[in-house]
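Below is one structure, written out as structure tokens; the observations come after it.
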Amino acid sequence: MIKLSAEVEAALNEKRAVVALESTVIAHGLPRPENLRTAQRLEEVVREGGATPATIAILKGQLCVGLEADELRHLAESDHILKVSRRDLPVVVARGLDGATTVATTMWIAERAGLSVFSTGGIGGIHRGVLPDVSADLPELARAGGMTVVCSGAKIVLDLPATREWLETHGITVVGYGCDELPAFYSRRSGLPVDVRADSAEEVAQLIHARRRLKLEGATLLAVPVPEEAEVPAELLQSALDEALTEAERKEIGGRELTPFLLSRMAAGSGGATLRANIALLANNARVAAEVARALSSST
Ligand code: PSU
Ligand code: MN
């Protein structure tokens, strides 16, 4: 059921480094036209890093690993792209629909295609508020065998301490890339610890190999802080976040709309600062993911 692009298939056959990229961030996480530009840029960054990019999405019900230029454009520009999490997979497949994959479904597809390194912006987690809204990204991270997810921590709109606890309970090793604290998406710091710090791609590869040898289920989460020059100042961030959370509550926004709503309200409330940070961290994570994928493929 999975369609590999010719480029990705060749890279996998030759055991070259491949980096999976998600598509919800393109279709629902970033505004137009920055979304298409960013999606193209991320593929470029992976190539510059000596790896093959594999953007994952669902087109007419088919699970696609590696997209052509016009397919990427369609994802970014169409108004009919569903946000597909695990529960939605049978629906889009049965009905032949187009869908963007979240962290959860990108991992699920990537794993089945034989990929093991995946880069995103921020993972989903446990939302703030009384209703226990837990992203399907979390249980998928606990299940995914041997996957390494490169991210800038969990999105700041979430309950970060609760999300951190969840990762611990479910045995997901959180590695700080050159940092001792779990980054908080638009911020470099959260006050929450990582499990281990690694200062090079080779060190990360050693940790991943050990996890594989142990046959431990679940992902390795490689947390990379947003580049310093793109970090959003704490005060600006707090006010934009408070405004976004209050508005979401007043408008009773929930379910799959909540994360995209909060991200776009924060971009507006911060004069575009969070959008710039989001794009910068996505590119930086893709760069690190390419390094890690190369370190992994040269050490196996
Ligand atoms: N990273 C970003 N922007 C995004 C996302 C990640 O920089 O929009 C997406 C991912 O696809 C993630 C999803 O899986 O947000 C989480 O959505 P939810 O909270 O509804 O599970
Ligand atoms: Mn949710």
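Only the coordinates and a few stated rules stand behind these numbers; no lab work does. Since the structure is predicted, the reported quantities are computational estimates derived from the model, not experimental observations. FYI the Cβ positions are ideal-geometry reconstructions off the backbone, even for glycines, and counts take in every protein chain you see.
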- Query: Separation between the Arg189 and Ala268 pseudo-spin-labels, each 7 Å from Cα along Cα→Cβ, expressed in nm?
  - Reply: 3.2
- List every residue whose amide H lies under 5 Å from the amide H of Arg128, counting only residues 5 or more places away in sequence or on a different chain, with H placed 1.01 Å from N in the peptide plane. Asp159
- Task: Quick one: which residues, 5+ away or cross-chain, put their amide H under 5 Å from the amide H of Ala20? H built at 1.01 Å from N.
- Result: Ala54, Val117, Phe118, Ser119
- Take the alpha-carbon centre of region 1-34, take the same for region 160-183, and report the distance between them in whole Å. 26
- Residues of region 150-168 with amide N under 18 Å of the 7 Å Cα→Cβ point at Ala210: 168
- Compute the length gained on full extension between Glu228 and Asp70: take 0.36 nm times their separation in residues and subtract their Cα-Cα distance, giving the result in nm to one decimal. 53.5 nm
- Can you give the charge dipole size of region 211-270 about its Cα centre, rounded to the nearest 20 debye, using +1 on the beta carbon of Lys and Arg and -1 on the beta carbon of Asp and Glu? 700
- Determine the gain in length on full extension of the stretch Thr169-Glu217; use 0.36 nm per residue of separation and subtract their C-alpha separation, reporting nm with one decimal. 15.9 nm
- For a label point 7 Å along the Cα-to-beta-carbon line of Arg47, residues of region 13-36 with backbone N under 18 Å: 16-22, 36
- Query: Along the three principal axes, how long is region 2-298 when you take its alpha carbons, biggest first, rounded to the nearest angstrom?
  - Reply: 52, 43, 33
- Task: Describe numerically, in nm with one decimal, the distance between label points set 7 Å from Cα along Cα→Cβ at Leu131 and at Lys60.
- Result: 3.6
- Query: What is the list of residues in region 150-179 whose amide nitrogen lies under 15 Å from a point 7 angstrom out from the Cα of Glu203, following Cα to Cβ?
  - Reply: 174-179
- Task: Starting at the first residue of region 224-234, write each ³J(HN,Hα) from the Karplus equation 6.51 cos²θ - 1.76 cosθ + 1.60 with θ = phi - 60°, in whole Hz, x for Gly and Pro.
- Result: 10, x, 4, x, 3, 5, 9, 4, 8, x, 3
- Where is the GNM fluctuation largest for the chain (alpha-carbon springs, 10 angstrom cutoff): Asp242, Asp137, Asp180? Asp242
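In the chain, which longest range has no trypsin sites (Lys or Arg not before Pro) that are both DSSP loop (not H, G, I, E or B) and surrounded by at most 12 other Cβ atoms within 10 Å? Could you put the intermediate results ahead of the total?
Numbers: sites that count: Lys15, Lys60, Lys215, Lys251.
Counting only loop sites that pass the neighbour cut-off, the longest clear stretch is 61-214.
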